[in-house]
1. Between exposed trypsin sites (Lys or Arg not before Pro) in the chain, where DSSP calls loop and at most 10 other Cβ atoms lie within 10 Å, what's the longest gap?
2. Of Gly54, Val68, Ile104, which is farthest towards the positive pole of segment 4-157's charge dipole, taken about the Cα centre with +1 and -1 on the beta-carbons of Lys, Arg and Asp, Glu respectively?
3. Pairs of Cα atoms under 8 Å, at least six residues apart: use those to get the relative contact order of segment 151-283, whole percent.
4. If the reach is capped at under 16 angstrom between alpha carbons, list the aspartates and glutamates near Lys209, excluding any in the same chain fewer than eight residues apart.
5. Starting from the coordinates of the alpha-carbon atoms of segment 1-73, obtain the Kirkwood hydrodynamic radius over all distinct pairs and give the value in Å to one decimal.
6. Mean separation of Cα pairs under 8 Å and 6+ residues apart, divided by the residue count of the chain: what relative contact order is that in percent?
7. If the only charges are +1 at each Lys and Arg Cβ and -1 at each Asp and Glu Cβ, what is the size of the charge dipole of the chain around the Cα centre, to the nearest 20 debye?
8. Give me the aspartates and glutamates in straight-line cross-link reach of Lys7: C-alpha distance below 15 Å, same-chain residues under 8 apart excluded.
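Nothing in this text is a laboratory measurement; each read-out follows from the coordinates by a stated rule. The shown structure was predicted, so the numbers you read here are calculated from the model rather than taken from an experiment. Quick reminder, even Gly has a Cβ in these numbers, built from the backbone with ideal geometry, and neighbours come from all protein chains shown.
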Amino acid sequence: MTGKHLKRFAEQTPGMVFNPNPVAAYGDYQGYQVVIQGYLNENQYIITWAVTGGMIADQPANINQYLVSLGTGRPYFNYARYEKSTITVNIRHKGEDVEHLTDILNQVTAFCRNNGMTTCCKYCGSPSGLGVYNINGRVEAMCTSCFGQVQVNLQQAQAAIKQKKANIPGGILGAFLGSLVGVALWIALYQMGYIAGIVGLVYTFLAMKGYQKFGGKLDKTGLILSLVIAAVMLFVGEMAALLVTIASSFPVDFGQAMQLLGYLLQDGEIQSTVIGELAMGYFFAALASVSTIISVYREANLKHEVRRLG
Ligand SMILES: [Zn+2]
């Protein structure tokens, strides 16, 4: 996600600032603090304003009525709603049409002004001290003291996870159960003639999730154990896939298939095929999993990025 369209919009629009990661534009638009965040590779924009006073006190239902009417004659309009002091408008976006953003901003700003609403902190309603923050990939406008509260809450939640003791046997069981799904998928795809890195991703992802679920938390020990279990289970998956292939090609029972597998694996040519398949499995698994491993681990330990943007 490059955000080049939103960047161009911010450059053309007085008061707006562009932020590349996460892709967002924010600032004071005609006296109202607004945040525009890009989603789905910029195919959608979510525009938010926090407002107070005026129509909000008297007739909040009329705000939603107005927001629904915004969709008329605007094919790029997805939805809009007013909830918890925040007006949210979601629009679709194709290519260069950033003037849709300007159109929506002008409409909503004029509506707020005409109905006596003013810009505020979405949490406490304070009109002053507004800043824009990145809260774990979500760009939010709020006041300094509410941001302080967000930080305190996050630190407390992190401390609670740290204090919690992991149930390692439970975690190992969870990682095992999770990677069994990978084994099943590996066998199925093997029958169709594929060895796919995506299966490696399933092994590691579900092993980590299984560990977290059954072990109570995913700390560093849990992470290492999960990855070891996923790697062992990838090997188990390969052996199981070979067994299924043997059992479906020859009239043998399970015990005989095991014996036959042991016998076949002594053959140099078969050995190198199997080693090649495993190497490919591990390689693609590692390739597909790195960013997932990092994000699952960070998420499990609430290692969120929380900082002021502007
Ligand atoms: Zn506040």
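1. Between exposed loop sites, the widest span is 166-310.
2. Val68
3. 29
4. In chain and number order, the partners are Asp219, Glu299.
5. Working: mean 1/r = 0.0728 Å⁻¹.
The answer is 13.7 Å.
6. Relative CO of the chain lands at 15 percent.
7. In total the dipole reaches around 1060 debye.
8. Glu42, Glu96, Asp97, Glu99
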